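Worksheet: the structure to be examined is printed underneath.
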Amino acid sequence: APAPPRPAPPRARLASRPAMSSKKTALTTDLVEKYVAENSILIDAIKQQLNSGKMKEAAQYQMKLQQNLIYLATIADVDPKNKKKKK
């Protein structure tokens, strides 16, 4: 019997990233939450691909996850609310 069609891994949609060079860029909780939600979906997709032995597909999702994590770390470093006050 032919194998059943495999479902496509889930994908999350994000608003385009704000330009980091813009002084007026507002980093909102909603934006961060969208990235966290997408990262959760990506982790599930990576696990699914690894469990299926699809290393190439898993690596593609892992690259996207890494980009998201780097972006979140970058905006955390840039956000003035996260700066420690000097005494």
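The values are calculated or read from the model by the stated rules, or taken from the named source; none is laboratory data. Remember, it's a predicted structure, so these values are computed and weren't measured experimentally.
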Exercise. Hey, any hits in the range 26-45 for a residue that's at pLDDT 55 or above, assigned to a loop (DSSP other than H, G, I, E, B), among the charged types (D, E, K, R) and at negative phi?
Worked result: no
Exercise. Do you know which residues across the range 64-87 are β-branched (Val, Ile, Thr) and at pLDDT 80 or above?
Worked result: ILE70, THR74, ILE75
